[in-house]
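Colleague: Sharing a structure below in structure tokens format, with a few things to ask.
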Amino acid sequence: MVPDPSSSTAPDGATAIRAVAGRTPLVFDSPHSGTQYPQDFRFCCDFALLRTAEDTHVEKLYDFAPDLGIAWVEALFPRSYLDANRNASEIDVTMLDGPWDGPVATDPVVLSKVRLGKGLIWKNTDDGVPLYDRVLGVQEVARRIERCWRPYYQAVGAAIDAAHARHGYSLHVNCHSMPAIAASHATEHPGLAHADFVVGDRDGTTADPRLAAQLATFLRGRGYRVEVNFPYKGVELVRRFGEPARHRHSVQLEVNRKLYMDERTFELLPQAQRLRDDLKAMSLWLLELDPRRL
């Protein structure tokens with residue numbers, strides 16, 4: 001359980017997020033690339049296995065964003081500690097040492113991730129290995145929400161509000177990565193060989209569907225294999241912030257890790273530069289796109 005040099009152990013109370021203000025209509029966020037493991041995590045599984053939950057290096061793929069005036073928000077805490085792409089009600093109460101006094105999700109679709117052990121607080125890894133050999137304290141989970149989840153949503157919401165106020169519309173890209181092959185407890189489609197990119201807009205409810213279609217066309221034009229809304233439609237962040245009727249567009253963008261990293265060693269590969277260049281070209285294209293005129 002000793003972290004390797006490419007990650008770090010964060011002291012309790014450490015800054016949970018990094019946010020850079022923008023000046024354009026674009027807002028990018030990375031909720032799953034954090035590698036600062038809090039001292040109070042107290043997980044029991046192998047650390048290298050735990051790290052497979054990370055969207056490792058996603059922040060490096062988009063490191064050009066602030067220089068282009070794109071607002072940027074990233075989680076510094078790991079996804080396995082608290083999944084910032086979940087609603088705070090997605091709690092598995094069987095993991096706790098007492099009754100949870102907050103709301104608990106009951107919607108069957110929302111609960112699909114909880115059943116996989118991938119709610120707000122993960123129960124197991126993508127391969128089904130338990131994260132804990134203990135029950136979690138109710139107050140422990142409440143502190144994670146206050147320290148990590150709430151500041152993250154406040155930062156993303158503030159960035160989108162500011163972009164919309166400046167330009168009359170906003171384009172929010174929720175940035176993720178996915179393994180080359182879906183693991184047993186990762187999705188509803190275990191064993192699926194992923195495309196290069198998956199664009200998700202929750203079936204056209206979080207962004208104008210023409211935006212997702214044009215984004216997919218752009219990426220295909222760069223030589224990539226692209227799916228739309230399969231197997232990932234987008235989860236809580238795009239659901240919460242995407243309001244296309246109010247010119248607030250949110251899409252989830254998944255990139256295949258095989259394009260830029262060694263999934264076994266977490267090493268960033270030389271071909272990552274080509275991917276980064278294509279993501280920068282995509283961003284410049286988005287900066288020229290006004291969704292009110294699609």
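The values are calculated or read from the model by the stated rules, or taken from the named source; none is laboratory data. Everything quoted here is computed from the prediction, not taken from an experiment. All Cβ positions, glycine included, derive from the backbone under ideal geometry; neighbour counts span all protein chains shown.
Colleague: Which of (1) touching a Phe, Trp or Tyr at 6+ places or on another chain (Cβ under 8 Å); (2) closer than 27 Å to Gly157 by Cβ; (3) hydroxyl-bearing (Ser, Thr, Tyr); (4) surrounded by fewer than 19 Cβ atoms within 10 Å (Cβ to Cβ) is the odd one out, the single condition Thr205 does not satisfy?
Modeller: That leaves (1) as the condition not met.
Colleague: Related question: Run Asp127 past the list (1) at pLDDT 95 or above; (2) loosely packed, with under 15 Cβ neighbours inside 10 Å; (3) of a type outside the set (Lys, Arg) and report the number of the one that doesn't hold.
Modeller: Condition not satisfied by Asp127: (1).
Colleague: Are any residues in region 144-185 free of Cβ contacts under 8 Å to residues at least 40 places away in the same chain and either in contact with a strand residue (DSSP E or B) (Cβ under 7 Å, 6 or more places away or on another chain) or surrounded by 16 or more Cβ atoms within 10 Å (Cβ to Cβ) (or both), and if so, which ones?
Modeller: Listed by number, the list holds a single entry, Ile181.
Colleague: Criterion first (of a type outside the set (D, E, K, R), closer than 24 Å to Ala165 by Cβ and under 14 Å from the mean Cα position of the chain (by Cα)) does Leu237 satisfy it?
Modeller: Yes; evaluated as a whole, the condition is true for this residue.
Colleague: Related question: Take Ala105 and decide whether it is touching a Ser or Thr at 6+ places or on another chain (Cβ under 6 Å) and either among the small types (Gly, Ala, Ser) or more than 23 Å from Arg202 (Cα to Cα) (or both).
Modeller: yes
Colleague: Is it the case that Arg79 is of a type in the set (D, E, K, R), farther than 30 Å from Leu279 by Cα, surrounded by fewer than 24 Cβ atoms within 10 Å (Cβ to Cβ) and touching a residue at least 12 places away in the same chain (Cβ under 8 Å)?
Modeller: For Arg79, the condition - of a type in the set (D, E, K, R), farther than 30 Å from Leu279 by Cα, surrounded by fewer than 24 Cβ atoms within 10 Å (Cβ to Cβ) and touching a residue at least 12 places away in the same chain (Cβ under 8 Å) - is not met.
Colleague: Just for region 124-164: of the residues that are in contact with a His (Cβ under 9 Å, 6 or more places away or on another chain) and not aliphatic (A, V, I, L, M), which one is farthest from Ser33 (Cα to Cα)?
Modeller: Checked region 124-164; the qualifying residue farthest from Ser33 (Cα to Cα) is His164.
Colleague: Let me ask another. For residues that are modelled with pLDDT under 65 and in contact with a Lys or Arg (Cβ under 8 Å, 6 or more places away or on another chain), scanning just region 5-17, find the one that is nearest to Trp149 (Cα to Cα).
Modeller: Gly13
Colleague: Let me ask you something else. Pull up region 61-70, narrow it to residues that are among the hydrophobic types (A, V, I, L, M, F, W, C) and surrounded by fewer than 21 Cβ atoms within 10 Å (Cβ to Cβ), then point me to the one that is nearest to Ser33 (Cα to Cα).
Modeller: The qualifying residue nearest to Ser33 (Cα to Cα) is Phe64.
Colleague: Pick from Arg143, Arg134: which is within 26 Å of Trp100 (Cα to Cα) and in a helix (DSSP H, G or I)?
Modeller: Just a single option satisfies the conditions, and that option is Arg143.
Colleague: Next question, about the same structure. Would you check which residues across region 109-124 are surrounded by 15 or more Cβ atoms within 10 Å (Cβ to Cβ) and either among the hydrophobic types (A, V, I, L, M, F, W, C) or part of a loop (DSSP other than H, G, I, E, B) (or both) and list them?
Modeller: Listed by number, the residues that qualify are Val110, Leu111, Val114, Leu116, Gly117, Gly119, Leu120, Ile121, Trp122, Lys123.
Colleague: Let me ask something else about it. Tell me which residues, restricted to region 130-140, are surrounded by fewer than 21 Cβ atoms within 10 Å (Cβ to Cβ) and among the aliphatic types (A, V, I, L, M).
Modeller: Val135, Leu136, Val138 - these are the residues of region 130-140 that are surrounded by fewer than 21 Cβ atoms within 10 Å (Cβ to Cβ) and among the aliphatic types (A, V, I, L, M).
Colleague: Please work out which residue is surrounded by the most Cβ atoms within 10 Å (Cβ to Cβ), limiting yourself to region 241-294 and to residues that are more than 18 Å from Gly204 (Cβ to Cβ) and of a type in the set (Ser, Thr, Tyr).
Modeller: The residue in question is Tyr260.
Colleague: Could you identify the single residue in Val73, Val20, Val27, Val58 that is surrounded by 14 or more Cβ atoms within 10 Å (Cβ to Cβ), at pLDDT 95 or above, out of contact with any helix residue (DSSP H, G or I) (no Cβ under 8 Å at 6 or more places or on another chain) and of a type in the set (A, V, I, L, M)?
Modeller: Being surrounded by 14 or more Cβ atoms within 10 Å (Cβ to Cβ), at pLDDT 95 or above, out of contact with any helix residue (DSSP H, G or I) (no Cβ under 8 Å at 6 or more places or on another chain) and of a type in the set (A, V, I, L, M) holds for just one of Val73, Val20, Val27, Val58, which is Val58.
Colleague: If you don't mind, another one. So how many residues does region 205-239 have that are farther than 14 Å from Ser250 by Cβ and free of Cβ contacts under 8 Å to residues at least 12 places away in the same chain?
Modeller: Qualifying residue count, region 205-239: 4.
Colleague: Scan region 182-206 residue by residue and report those that are over 23 Å from Arg222 (Cβ atoms), modelled with pLDDT of 90 or more and β-branched (Val, Ile, Thr).
Modeller: Correct list: Thr205, Thr206.
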